[in-house]
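Here's the structure we're looking at; comments come further down.
Just so it is clear, none of the values below were taken in a lab; they were calculated from the coordinates. All values derive from a computational prediction rather than experimental measurement. Heads up, the Cβs are rebuilt from the backbone with ideal geometry, glycines too, and the neighbour counts pull from every protein chain shown.
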Amino acid sequence: MQQNHLPTPLARAAMRVIPASVLQRMIDALMRGMRQSHPRLFSNLERLDAAVVRIEPSDLPHNFTLAFGHGETSLTVTSSKDSVCSARLKGKLAALLDLLEGRIDGDMMFFSRSIEITGDTSVMVALRNTIDREEINLLDDVTALFGPFARPARHVASLIDKVGQRMKERIQEINEERSPDAQPAKAECDAMRAEVQALKTRLAKLEVRRQRTEVSSQ
């Protein structure tokens, strides 16, 4: 089956270790690319009343500020939780990505407490309605940043996701069965982790090759 969404474990692992300044440059590049691939979305965001939404992934060290309405939409990495905002959106990264890509109904996520919304709820309703009108696939948008290496980057992301799923399923099996044969199971999980690390290294090398290609073309 073809990978059709951004692997959350990969995104979470990357954003936990990437410095804020580097992450901001990556987000700026992603936003530029999304403006080209989703012009209607950004045009609709600019028509909304000016607002600032604080996005707080509970499993990341970074927070984000989304500013939109009456001007260019921006997404900024921030560590402060005290900045003035119109509304706050909090939840695990997986839930926030599901919400952005429209894979799960926002109302259901709110009532199940997968996400927490505080502040001006009308701002969040307007934002959600605007995003829901656009089909967003972050895997496509992120891998597009690799330029000519987009296809191999997507392939590596797919492999990482599959290995991550295997690890998750295997760990769940171990917990359910509580098998006394713990040492082989641990060795198997260690092998899977090594495979994930090797795939992450391949993805990093693709990024380096993309940057070199970009520089040589200037």
Summing Lys, Arg as +1 and Asp, Glu as -1, what charge do residues with Cβ under 14 Å from the Cβ of residue 35 carry, residue 35 excluded?
-> -3
Looking at the stretch 38-136, what % of the alpha carbon pairs are farther apart than 19 Å?
-> 39
Working out 0.36 nm times the residue gap between residue 29 and residue 100, then minus their Cα-Cα distance, what length gain in nm do you get to one decimal?
-> 23.8 nm
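What does the highest-first list of 133-141, 54-62 look like by mean Cβ count within 10 Å?
In decreasing order of mean packing, 133-141, 54-62 become 54-62, 133-141.
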Options 13, 36, 55, ranked by Cα towards positive dipole end of the stretch 12-56, top entry (Cβ charges) | 13
Summed side-chain charge close to residue 70 - residues other than residue 70 whose Cβ falls under 12 Å, Lys, Arg +1, Asp, Glu -1 = -2
